[in-house]
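Here is the structure we will look at, set down as C-alpha cells.
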Amino acid sequence: MQTAGPTSWLGRNDSNIAIADRYRLLIDAVRDYAIFMLEPGGRVASWNAGAQRIKGYSSDEIVGQHFSVFYPPDDIASGKPTYLLETAALNGHVEDEGWRVRKDGSRFWANVVITAVRDDQGSLVGFAKITRDLTERRRLEELERAHAASSLVQQARENEQKRVARELHDDLGQRIAALKIALSLHGSELENALPTQLHAELEAIAQIGAQIDELAEAVRRIAADLRPTMLDDLGLQAALKWLAEDFQSRYSVSVECRLKVSEPELGEFATTALFRVIQEALTNVARHAHAHRVTIELENDAEHCRLRVSDDGVGFDPRSAPRPDALGLIGMRERIVQLGGWLTVEGRPGAGVTISAELRLPVDIHPALACAGR
Ligand SMILES: Nc1ncnc2c1ncn2[C@@H]1O[C@H](COP(=O)(O)OP(=O)(O)OP(=O)(O)O)[C@@H](O)[C@H]1O
Ligand SMILES: [Mg+2]
C-alpha cells in the first residue's frame, strides 16, 4: 500500500517545496511561541503568528528591522542584543531570560533561545529565534515568594514575641517578685522596731507593695498576650478549655467546647495559629456579639483539621466594608492561609456569626520557618 507522502498531502509534485511549505504552515500555526529568523546582522527575516501575538508587530511592520527593537533601552545601551548574537554564532546557540518590549511599549518577561543557522559549507546564514512569554509564570513565582516572605515575617514576629514574653516573665517578673519580698521583710522589721507615729510610713510602704503587685500582674498579662505560654504548659486542648472557662466566667456567656485534638499531628505552627484564631473569635464575641452562647468545635486527624466557632449574638454582614483599622478577622484569615488552609466568616444581622477554618495536615511550612519556629 502506498503511504501519503508530502506530495499527496499538498497536492503538488515538487516535494522540496511541499516540505518548505509544511514547515512554514507548522511555524505559522504555533501561537504560544514567537518563532522567527534573523539575518546574520540581526535584521528580522521572517515572522510567525505567535510572534505577532506576543510582540504586537505584524509581519509587514517588523521584517527588515533590527531585532534590538525588542530590548529595553538599558539592554541596548549595554550591547546585549549584539552580545547574544555573537555568543550564538560562537557556541551554536544562546539562551536568555529577561524583559522584552512589545510594540505598544509594554514589557513582558521572556525566555529566548537564539540558534545559529549555517549552510552546508558551514557559513552563517542567519539565526533562528524562539521567544516565550513567561510574564504570568514570573508573576506567580513572585506571588509565591511574597507569600513565603510574609509567612517568614509573621513567624519571625511570633518568635520575637515568644522571646520578649520569656524575658518579661523570667527576668522582669522574677525581679519584681524579689522586690516585693524584700519590701515586705523591711516592712515587718520596721513595724516591730519603730514607734507608733511612724505607722503613716508603713502605710506608704504597703501602698508601694500594692503597686508592685499591680505591676507584676501587668507584666504577666503582657507576657501572656505576647505568647500563649499556656500552650507550652498545658497543650492546646487544655489551654482552650481554660480559655473557654475564663471567658464564660468573665462575660457570663456560656461556652460549649467540642474538642477532639491530636496535638502531635497538628504541630506547633497550627497549634499556635488555631489558639490565636479562637482567642480573637471569643474576643469579638465579647466585644460585638451580645451573645448568650458560643460553641467551639475543633477536631483533627493526621490529614485534616476543622474548626468552627459560632455564636448566637447580633451577627453582622461580613460583606459590608470593614472598618479600616479592624484587624482581627484579617489576622485570623492570614494565619490560616499562611498555613495553606482557608477561613470563612458567615453571618447575618440578627443571626449570629460562624467562623470556619480548615487545614490540610501536616501544614505546609517554608523550610526557613521550620527551623525558625523551634
Ligand atoms: N461575633 C461577632 N458578632 C458580631 N459582629 C462581629 C463579630 N465578629 C466580628 N464582628 C464585626 O466585624 C467587625 C470586624 O471584626 P474585627 O475582629 O476584624 O475587628 P474589631 O474586633 O472591630 O477590631 P480589632 O482589630 O481590635 O479586632 C467588628 O467591628 C464587628 O462589627
Ligand atoms: Mg476583633
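Okay, here's what the table says:
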| item | result |
| --- | --- |
| Positive-end extreme of charge dipole, the chain - chosen from G341, A289, A156 (charges on Cβ) | G341 |
| Length added when fully stretched, T115-L202, from 0.36 nm per residue minus Cα-Cα | 21.9 nm |
| Residue exposure sequence - L168, L85 - by fewest surrounding Cβ within 10 Å | L168, L85 |
| Estimated distance in nm for a label pair at D233 and K260, the labels positioned 7 Å out from Cα along Cα-to-Cβ | 3.0 nm |
| Cα gyration tensor shape for segment 7-133, rounded if a/c is under 1.5, else prolate or oblate | oblate |
| The chain, relative contact order [Cα under 8 Å, separation at least 6], % | 10 percent |
| Using a Förster distance of 35 Å, the FRET efficiency for S150-T354 (Cβ separation, nearest 0.05) | 0.85 |
| Percent of Cα-Cα distances greater than 34 Å, calculated over the chain | 59 percent |
| Counting DSSP beta bridges with both ends in segment 228-374, the antiparallel % (nearest 5) | 75 percent |
| Calculated FRET value between V314 and R163, using beta carbons and R₀ = 45 Å, to 0.05 | 0.70 |
| Most to least packed among 270-279, 111-120, 62-71 [average Cβ atoms within 10 Å] | 270-279, 62-71, 111-120 |
| Hz values of 3J(HN,Hα) by residue in segment 154-159 - Karplus curve (6.51, -1.76, 1.60), Gly and Pro given as x | 4, 5, 4, 4, 4, 5 |
| Candidate lysines - alpha carbon under 30 Å from K129, same-chain residues fewer than 8 apart omitted | K55, K80, K103 |
| Reach of K260 by Cα under 16 Å, taken over lysines that are not fewer than 8 positions away in the same chain | K241 |
| Additional length obtainable on full extension of the chain from A89 to L143, 0.36 nm per residue less Cα span | 15.7 nm |
| Segment D104-Q211, extension gain: residue separation times 0.36 nm, minus the distance between their alpha carbons | 31.4 nm |
| The chain, dipole about Cα centre (Lys/Arg Cβ +1, Asp/Glu Cβ -1), debye to the nearest 20 | 1280 debye |
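We did not get these values from a lab; they are worked out from the coordinates using the rules stated. This structure is a prediction, so every number in the text was calculated from the model and none was measured. Ideal geometry is used to build each Cβ from the backbone, glycine not excepted, and the neighbour counts take in all protein chains shown.
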